[in-house]
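Data first, discussion second: the structure below is written as structure tokens.
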Amino acid sequence: MKPNEPATPSSTSRRTFLGTVGSVAVGVGLAGCSGSAPTADDSDRERTFQMVGEPIQTLDPAATNDSASTTVITQLFDGLVHYPKGNIDPELLLADDHRVSDDGTVHTFDLDPEATFSDGRSVRADDVVYSFERVAASKHSASASKLLDVLGVEHRTETVETEDGTTERYEPGTLGVEAIDDRTVEVRLSDPFHAALGVLAYPSLSVVPKGIVGDVEGYDGEMSYSEFATENPVGAGPFEFETWEKDVEYAVSARDDYRGSGPYVAGIRWEVTSTPSAEYTYAINRNADAFWIPSGKFDPNLVTIETTDEKGRKVGTYGPLPENGETVQYHQIPQTWTFYLGFNAERVAKPVRQAVAYVLNQQMQVQKVHEGRGERAAHLTPPNVYPGGNSAYQSDAEEYPYGLDESRFEAARDVLADAGHGPDDPAEVTLTVYDAAAWFETGKLLRDKLARVGVDLSVERAPFATIAERGRNGKLDAFSYGWVMEYPAPDSFLEILYPPSSDEQFFNWGGTPAADRAKRAWERVLSHPSANESDRQARVEAYRQMETANWEDVIALPVYHPVGEGFYYDWVDVPKTGAAGFSMHKYDDVRIGSRD
């Protein structure tokens, strides 16, 4: 992912997001202090942080549904809480105090009295109420489900007529968010939720001035929606909007009145390029301070890792760059993503699914197909949110039954033979993969391996939208897919393994002992939602049961967890980004030294 590509605001948008990146398994990010990066004393606040970005779609937090827009919105807006420097442990931001009721359903936030919007007005509790109402009710919102269903804020619904009959939707004005006084806001949940702050940390729940636009009942709006979303976004973040020229550039300027010590740069400018190759050319001409190296240009032999921290983030150097001779700073960050091969259980029999798992060899896939830019996956849940962390992830992975670093051809032949298949009578399966070179290469490698054991695998490339459409229509056998965190907890991943709703993920899984165990385990997660220790322990046990049920029936075959990468010149200093992703990192802590 590039520095402007994040995790996305809803389950649907998470799938959309991963479809857009396809096999771009690695990200672009920015790293922390190393080499000759500048210090606070020699950083020049007149220098602009130069980056390269994808086209953006909106400057409205509630409407953001793409990674590039989210990155810019993170700079312009603040929320009650945030992911500090992209780390997955949320911290207070606009709020300077937070209390939770004994039953875990009422969250009370006291606002920072120093917080102001970019137009000078103070941030008040009524602004929070209005902002959350927009997320719930505005026709422009892409995150209503995050607030109403995932977080579970109290609300009422109303029945409305649609072309397909009737449906329930949010009843405007009934949201359980209340201003107790100017500085105190109360958020009431239907049930306790252990990851409440993790949901509230998303940029889509940022705070905007009360009544800024009139797209919800009771507000006429100070400006048109178009003006707010494209040329005059008013937020409480460390930067304010400067310019946006579609498909050319966008930029923000540092606020002089932002609370705290930053920003340390004059602003940030993103150049929009047409292709990864054009982006790389722009960067090696020293036009960008930080950049990413695309496949085809990347040489893993030029990477030197010097340190690895407790979160698995690696810092070192890359180079020299063949085109300009520079050796640049390099940073690698474990991301909270999983790419997997999904199966429609009604179309692909369990022995065939197991045979695919036996021959896959995740380690080889990462090294050969993805140039080492990822970590092999044994679980659907990534290591950085796995219960017990990376050490527990690796310990439990030792029980993975199919082999992570080898192809077990004999085991595959045996399980297929028991089902009546072999080279002379192969099972026939179509694998539909993202329309990207790496996933197509994965498909071809699997095709050749499976031909040796009794599976005739056809590989098709398709755009993400086509994969999704075929999945909804039940016309997929096997498919490449991915999942990125919605909030930093295993629930955010394992929810897709709940058999009664597995048709939504195109799995159509049910009626087996493993599916029954997964069903009971997920229902146990739902019945133990609070942050107390007994509920946490119950969830941990249930999470592991879901992972092993998935191993048994091979419904979502884990392939790899991508890493984010940053390549940046020595004059740049950006504290290391965390596993929430680069779009969650506010760049008020960036320092730019002399480029000479």
Report summary line: Over the stretch 337-562, the quotient of the Cα radius of gyration and 2.2 N^0.38 Å is 0.98
Requested in this report: For residue 114 and residue 101, compute 0.36 nm times the residue count separating them, minus their Cα-Cα distance, and round to one decimal in nm.
Outcome: 2.1 nm
Report summary line: The alpha-carbon center of the stretch 94-130 and that of the stretch 478-527 are separated, in whole Å, by 34 Å
Report task. Work from the charge dipole of the stretch 111-260 (Cβ charges, +1 for Lys and Arg, -1 for Asp and Glu, about the Cα centre) and give the residue of 130, 143, 153 farthest towards its positive end. Result -> 153
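Enumerate by residue number the trypsin sites (Lys or Arg not before Pro) in the stretch 94-190 meeting two conditions: DSSP loop (anything except H, G, I, E, B), and at most 15 other Cβ atoms within 10 Å of the site's Cβ.
Hits after loop and neighbour filter: 121, 139, 156.
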Query raised in the report: With the radius of gyration and the Kirkwood radius both derived from the Cα set of the stretch 89-224, what is their ratio Rg to Rh?
Result: 0.97
**Report entry** Centroid-to-centroid separation of the stretch 532-578 and the stretch 392-432 [C-alpha atoms, Å]
**Finding:** 24 Å
Requested in this report: Provide, in order from the shortest bin, the percent of all Cα-Cα pairs of the stretch 303-445 in each 5 Å bin, continuing until the bin that contains the maximum pair distance.
Outcome: 2, 8, 13, 17, 18, 15, 11, 7, 5, 3, 1, 0
Query raised in the report: Taking Rh as the Kirkwood radius computed over C-alpha pairs, what is the Stokes-Einstein D of the stretch 50-165 at 4 °C in a medium of viscosity 1.567 mPa s, expressed in µm² per second?
Result: 79 µm²/s
Report summary line: Expressed in angstrom and rounded, the centroid-to-centroid distance over alpha carbons for the stretch 168-206 and the stretch 303-336 is 40 Å
Query raised in the report: Assuming R0 = 41 Å, what is the FRET efficiency of residue 231 and residue 261, from their Cβ-Cβ distance, to the nearest 0.05?
Result: 0.90
Query raised in the report: Which lysines have a Cα less than 22 Å from the Cα of residue 449, not counting those fewer than 8 places away in the same chain?
Result: 350, 368
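Where a number appears in this text, it was derived from the coordinates with a stated rule and is not lab data. A quick note: this is a predicted structure, and the numbers were derived from the prediction, not measured. Heads up, the Cβs are rebuilt from the backbone with ideal geometry, glycines too, and the neighbour counts pull from every protein chain shown.
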